Amino acid sequence: MKRISFLALFLSAIALLVTSCGTSDSVKSLQLGSLASSAGGFYNLAGQDGTLQLTVTAVYNSGKLVDVTRASTFSVKPQGCAESAAVSSYLCPGGSLPANGPDVVPISPTGLMTGIISLCTWQDTPVSNPPDPPNWLYTGFYQVTATYKGFTSQPIAVGVGVTASNDPKGSCGPT
């Protein structure tokens, strides 16, 4: 009797080990966000040398969330137009956003995005006279995605307000 229960226990343990082999908790998706407030995935990078801390979270099949910001790579694509410094109107393609690079809106390996280039991707669309408070409208933005272990996050939009706009107070974008 003892041999049969020992054998049954041993076989049960082997079966349990064999059925769990090959399964692992793998990444299901990525979430890109920021510590700053947003309006539906739209962020503002305000002011000369202004910063925006991006965060990348790996979502595992088990539901576990892991910060993988430092292990991720970032892709930045310009979308739309920017205000020309010489003209108060918005131009395309003459006023199209410059491609991202180290002197535009670079992202550090820690996910810190910095506004360096003087441009404004916002327009004040006054709905009353006087136009205060401003009614901000995106005219362009940088679309950012993150990649980690072959997964790419959803895109987020980052407007840049590093120079004056058509706002009477000279500001650019929401603060």
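What follows is calculated from the coordinates using simple rules that are stated; it is not laboratory data. Keep in mind it's a predicted model, so treat the numbers as computed, not measured. All Cβ positions, glycine included, derive from the backbone under ideal geometry; neighbour counts span all protein chains shown.
Protection proxy ranking for 141-150, 59-68, using the average of other Cβ atoms within 10 Å per residue and placing the highest first: 141-150, 59-68. Close amide H contacts of S96 (hydrogens built in the peptide plane, cut-off under 5 Å, sequence separation of 5 or more or a different chain): A82.
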